[in-house]
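K.L.:
Have a look at this one.
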Amino acid sequence: GCVLVVSVIEQLAQWHNSTVKAAVERLCNYIPGKYQIICQMLSCIDREMNADVVCHSLKLCKQDPGQMLCHLYSPPKVSWFSTFFRATGCGSFMGFSSVCAFPLLANLCEKIKYVLRNKLPFEDFDGDKFSTFPTLRGYHWRGRDCNDKNTTVYPGRRPDNWDVKSDSNCNGIWGVDPKDGIPYEEKFCKGADTQGVVLLGDSAGAHFHIPPEWMTVTQMSAKSFANLPMAFTDELDWPQFSEITGFLNSTIGGWTDSLYLRLRRRNRCNHRDLQNISQNGGSSGNLLHLIKSLARNQLLDNPAIVIYATIGNDVCNGNRDTLAHMTTPKEMLSNVVQTLRYLDSCLPNGSHVILTGLVDGRFLWDNLHDRYHPLGQLNKDVTYSQLYSFLDCLQVSPCRGWLTPNETLRNLTSERALQLSNVLKEIARSEKFANFDIFYMDFPLRQTAEEWQKMGGEPWQLIEPVDGFHPNQIAAALGTSITWQKALHEWPQVLGKENPFNDQIEAIFKDQGGH
């Protein structure tokens, strides 16, 4: 984190031909309010020292005995020791080894720690697991609550007495048609295959994204950081634009096309019935805990389509002996079957589960390793290969098995990913459950790349530019289209029938000034 921030400051000074002090002030003016404390501590940087040297001098980076010296940039020509000595005027920030140690951010960090622990909305006054607040696991992650003071009112439930007097399921359809006295919910939604969509996933499903404009000084302005508070309180995830549960127009490039939006277009009664139960680092193992945050009442709620998609973390880790820390096929079988049994205990009858295979992550190295990272574009000095090596040295690589120049290791990682996908495929073929049927599909990376190339794009443009690891907004939107077409042709029963009253529902909303 320190190396990234210092790099940006030094490049700002270079780009604007200013002192480092002026660059720090410029960056602090860009960053909103309380977050400025992060950059103010770095006002002592010497423009002649690279970011690695500065961060070691601040003791925010360190070299443990017997470990390699980790650096993103080429080492300085003078010795590290003499350079550190020159930089000691910066002082030590050992007491602030976490941004949460800053008093101004402490309260916000406590809120974030709560949602990280529980994966439930921080602001949920009636305790029904739905919220009227967007971030901190609020309605960016789950359908927006329409009454946060009544635990029996929430998205996804079957209507209470056809919602004659109020909107019990938050889909916006309630009241009685004055022309014939029939409740709108009964008239438009009865027998309409109303169902929700749930994602059980990882950072790709949560839609992890660090805006490249935060690190690209040639494009940087106050507007670049306007979304920083929202991103921080959403764990650097953007589920509101994601492939499965996205519902807002993308502000991070590309466009939003999601399974939820397509189901909503197919049946307007599905409005707001979405849950993104994902976490950064999600795997088949930790989903066993994460799934407890699912909100579904077997007796009161509508069925749901559940997408199970932990596409990489069962083979991805930052350990030196990465192969030894990968999920085995036996462990995968146990983890997934336990999750499915839990789902069978809480999903309403008539639900569906789709198991998604793991990705072949060799795509990342093959398409990015010799390209320049956003931090390296100004001076042509940081490639993705260098970034991967830096993260690997720090033992925080998101995936040592794929983000490596070692071709043998990349192949072995993909081999294990294929074995785990085959476990999922066999589960879908052989396991039976009382309340849902179960399907399998490969993660559609190859088809996504082919589709993008037909549109004139290049494969590397489908990967998040800052982390060089996750599918980006374009990949998410194209993946939705491919998944939808597969479902239409192979499992049409999963999507439900098209609601013939959609146009009438929208017309009434328009007449009443609703949206």
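K.L.:
Give me the angle, in degrees from 0 to 90, between the Cα long axis of helix 407-430 and the longest principal axis of the Cα atoms of the chain, rounded to the nearest 10.
P.N.:
With rounding to tens, the tilt is 10 degrees.
K.L.:
Give me the angle, in degrees from 0 to 90, between the Cα long axis of helix 329-346 and the longest principal axis of the Cα atoms of the chain, rounded to the nearest 10.
P.N.:
Result, in degrees: 40.
K.L.:
If you line up the long axis of helix 445-454 against the longest principal axis of the chain, both from Cα atoms, how many degrees apart are they, to the nearest 10?
P.N.:
80
K.L.:
Counting only the backbone N, which residues of the stretch 482-500 are under 15 Å from the spot 7 Å out from the Cα of Arg265 toward its beta-carbon?
P.N.:
Under 15 Å, as judged by backbone N against the label point of Arg265, lie 482-488, 498-499 of the stretch 482-500.
K.L.:
Here's a follow-up. Could you sort the peptides 49-58, 184-193, 243-252, 337-346 by per-residue average Cβ neighbour count (10 Å cutoff), highest mean leading? Walk me through the numbers on the way to the answer.
P.N.:
Details: 49-58: 23.8, 184-193: 19.0, 243-252: 20.9, 337-346: 16.7.
Descending packing order for the listed peptides: 49-58, 243-252, 184-193, 337-346.
K.L.:
Here's something else I'd like to know. Between Gln36 and Glu506, what FRET efficiency follows from the Cβ-Cβ distance if R0 is 30 Å, with the result rounded to 0.05? Working shown, then result.
P.N.:
On the way: r = 45 Å, r/R0 = 1.49.
The formula returns an efficiency of 0.10 here.
K.L.:
Can I ask one more? Ranked highest first by average number of other Cβ atoms within 10 Å, how do 228-236, 428-436 line up? Intermediate values should be presented prior to the final figure.
P.N.:
Working: 228-236: 18.2, 428-436: 13.4.
Put in order of decreasing packing, that is 228-236, 428-436.
K.L.:
Using helices alone, I'd like the mean residue ellipticity at 222 nm for the chain: each DSSP H run of four-plus residues gives -39500 (n - 2.57), total over residue count, nearest 500. Mind dumping the intermediate values first?
P.N.:
Values: 19 runs with 189 residues, N = 515.
Here the helix-only value at 222 nm equals -11000 deg cm²/dmol.
K.L.:
How far is it, in nm, from the label point at Asn379 to the one at Phe125 when both lie 7 Å from their Cα along the line to the Cβ?
P.N.:
Label-label distance for Asn379 and Phe125, simple model: 5.3 nm.
K.L.:
A further question follows. Would you tell me the accessible area of Tyr73, worked out with a 1.4 angstrom probe on the heavy atoms of the protein chains, in Å² to the nearest 10?
P.N.:
30
K.L.:
Can you pull the one-decimal nm distance between simple spin-label points at Gln461 and Leu228, each 7 Å off the Cα toward Cβ?
P.N.:
Taking the two extended label points, one gets 3.0 nm.
K.L.:
Which order do peptides 272-280, 256-264 fall in by mean Cβ count within 10 Å, highest first? The partial results should precede the final answer.
P.N.:
Values: 272-280: 25.6, 256-264: 22.2.
Most protected by this proxy first, the peptides run 272-280, 256-264.
K.L.:
How much net charge surrounds Leu347 when only the other residues with a Cβ under 9 Å from the Cβ of Leu347 are counted, with Lys and Arg +1 and Asp and Glu -1? Provide the component values of the computation, followed by the final result.
P.N.:
Working: positive: Arg296; negative: Asp301, Asp344.
Local charge sum for Leu347: -1.
K.L.:
Also, quick follow-up: Consider the candidate values (i) 1.06; (ii) 0.97; (iii) 1.00; state which one is Rg/Rh (Cα atoms, Kirkwood Rh) computed from the structure displayed.
P.N.:
Label (iii) holds the value from this structure.
The values are calculated or read from the model by the stated rules, or taken from the named source; none is laboratory data. A quick note: this is a predicted structure, and the numbers were derived from the prediction, not measured. When we count neighbours, we look across all protein chains shown, and the Cβ atoms used for this are built from the backbone with ideal geometry, even at glycine. The area values use the complete protein model at the heavy-atom level, side chains included, leaving out ligands, DNA and RNA. Shrake-Rupley method; radii C 1.70, N 1.55, O 1.52, S 1.80 Å.
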